[in-house]
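Below is one structure, written out as structure tokens; comments come after it.
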Amino acid sequence: MIRLWKFTLFFLLCLVITLLLNLPIRHVLPYVKLPNTLQLVGIDGTVIRGKAREVNVNRFPLRDIDYRYMPSCIPLLKVCYRISYAQGTVQAAYDLLNGDTEVSEVKIEYPASEIAQYLKAVPVRPDGRLELLIDELGIIDGKPTALNGKLIWRDVGIDDEGIKLNIGDYQIDFTGNGQKYDFKLKDLDASLDVDGKGEIKAGGQYSLEVKIESEASMEPQVKSVLELVAKKTSYNKYRVEQNGRLPPNLTRQLFR
């Protein structure tokens, strides 16, 4: 009799777990507290796997979403998902013990011209491709606690009435802890030598210092853009020094 009860309990437990894992995701989402800046469009599937037509993060759309549950996190008492989408991939983990959220292996790619639509007062039409790579992002109570990654701008260029210029690849390395973000700028394979650093504090105050050195000859369009944003210090050297405060809406997005 005891052996029968053990078998029955085991069977019921397996049945409950199976039902929960195959529960339609639309029945689970109402009980999940999502940030106001996150909007899901056309999501369909189960807790295990599924699809979404689009996810908007602060108005930036991620399209053609596929998500898959990762059972390897069970021994760590975490719920983990591998998410792929048209612009890249991401891995997210939720800690069942303390409620922390960890995001890693983030890769997002966007054309620079599409990003420029969300920015104001851009003097020229940028060209190229932006790659955002996040190695670590920790979130507690909706606030970022750790951030490490880099932003690479491939084939940086200008699209001036159909005339496209390419000045190479550039990279920004950034780190943050919820109170301050530090970043460094450098060139990769580029026609402009760039070396810079900056920081953004929780109150929105920012500082930026960049040194730029160009080749002996450069395209007139590139020279015009440099003279718009930088101060010329010698024949082929420029410098950018800025201090100010970010708009309140952007500060709220960076420091919640």
Subject >> Scope segment 143-163; condition in contact (Cβ under 8 Å) with a residue 12 or more places away in the chain and surrounded by fewer than 14 Cβ atoms within 10 Å (Cβ to Cβ); matching residues >> reply: LYS143, ILE163
**OP:** Inspect all residues belonging to segment 229-249 and state whether any of them is buried (at least 16 other Cβ atoms within 10 Å of the Cβ), modelled with pLDDT under 75 and β-branched (Val, Ile, Thr).
**Re:** no
**OP:** Only one of these is of a type in the set (D, E, K, R) and at pLDDT 85 or above: LYS223, LYS164, LYS211. Name it.
**Re:** LYS211
Original post:
Do you know which residues across segment 38-47 are modelled with pLDDT under 80 and more than 24 Å from LEU96 (Cβ to Cβ)?
Top reply: GLN39
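Table: residues versus (1) at pLDDT 90 or above; (2) over 23 Å from GLU136 (Cα atoms).
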position: GLY176; (1), (2): no, no
position: LEU185; (1), (2): yes, no
position: ASP189; (1), (2): no, yes
position: LYS201; (1), (2): no, no
Original post:
Restricting attention to segment 105-152, and to residues there that are in contact with a Lys or Arg (Cβ under 8 Å, 6 or more places away or on another chain), modelled with pLDDT under 70 and not in a strand (DSSP E or B), which single residue is nearest to TYR81 (Cα to Cα)?
Top reply: GLY142
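Step by step: first the residues of segment 156-215, then only those that are among the hydroxyl-bearing types (Ser, Thr, Tyr) and part of a loop (DSSP other than H, G, I, E, B), then the one that is farthest from TYR238 (Cα to Cα). Which residue is that? Write out each step before concluding.
Of all residues in segment 156-215, those among the hydroxyl-bearing types (Ser, Thr, Tyr) come to 170, 175, 181, 191, 206-207, 214.
This time we only want the ones that are part of a loop (DSSP other than H, G, I, E, B), so: 191, 214.
Values: SER191: 14, SER214: 8 Å.
Looking at the filtered set, the residue picked out is SER191.
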**OP:** Being more than 24 Å from ASP159 (Cβ to Cβ) and either in contact with a Ser or Thr (Cβ under 8 Å, 6 or more places away or on another chain) or not in a strand (DSSP E or B) (or both) is the filter here, so list the residues in segment 216-244 that pass it.
**Re:** ALA216, TYR235, ASN236, LYS237, ARG239, GLN242, ASN243
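The values are calculated or read from the model by the stated rules, or taken from the named source; none is laboratory data. From a predicted model like this one, the values you see are computed outputs, not experimental measurements. Neighbour counts run over all protein chains shown; Cβ positions are idealised from the backbone, glycine included.
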